[in-house]
Amino acid sequence: MRRTRSTTTARQAKAQLGQGDLEEAVATAMSIQLEPTGLHPRINSMLQDFGSTLRIAAPSSHPATAWDHYEHDSLRKLL
């Protein structure tokens, strides 16, 4: 159930990003619950794709910087 919720949330964040709602997209992506055992490979891939798309869309924006810090501090510890 958690993986399904995480997948749906990652898709929602990507859609928000596609609509130009950078801050909302980053907040949505950051709301995905991180498992102590790590992320499912599919969710990890979706979040990496989200980060890449965000950096292309708005490389020096505050939301992109916030995502980079979050990714560095939180997500990489799980990989």
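For the stretch 1-58, the set of residues classified as of a type in the set (D, E, K, R), more than 13 Å from Leu75 (Cβ to Cβ) and over 10 Å from the mean Cα position of the chain (by Cα) consists of Arg2, Arg3, Arg5, Asp21, Glu23, Glu24, Arg42, Arg55, listed by residue number. Each residue in the stretch 12-39 was checked for being among the acidic types (Asp, Glu) and at pLDDT below 95, and 1 pass. When each of Gln33, Gln12 is tested for being part of a helix (DSSP H, G or I) and open to solvent by 70 Å² or more (accessible area, probe 1.4 Å), the lone residue that passes is Gln12. Close Cβ contacts (under 7 Å, 6 or more residues apart or on different chains) running from residues in the stretch 22-42 that are free of Cβ contacts under 8 Å to residues at least 24 places away in the same chain to residues that are open to solvent by 60 Å² or more (accessible area, probe 1.4 Å) comprise Thr28/Gln12.
Applying the criterion of being open to solvent by 50 Å² or more (accessible area, probe 1.4 Å) and either part of a loop (DSSP other than H, G, I, E, B) or modelled with pLDDT of 95 or more (or both) to the residues of the stretch 40-54, the residue that is farthest from Gln12 (Cα to Cα) is His40. For Thr65, the requirement of being in a helix (DSSP H, G or I) and either modelled with pLDDT under 95 or out of contact with any Lys or Arg (no Cβ under 6 Å at 6 or more places or on another chain) (or both) is met.
The values are calculated or read from the model by the stated rules, or taken from the named source; none is laboratory data. Here the structure is a predicted model, which means the values were calculated and not measured. Backbone-built Cβ (ideal geometry, glycine too); neighbour counts: all protein chains shown. Heads up: the accessible areas ignore ligands, DNA and RNA and are worked out on the full protein's heavy atoms, side chains in. Shrake-Rupley method; radii C 1.70, N 1.55, O 1.52, S 1.80 Å.
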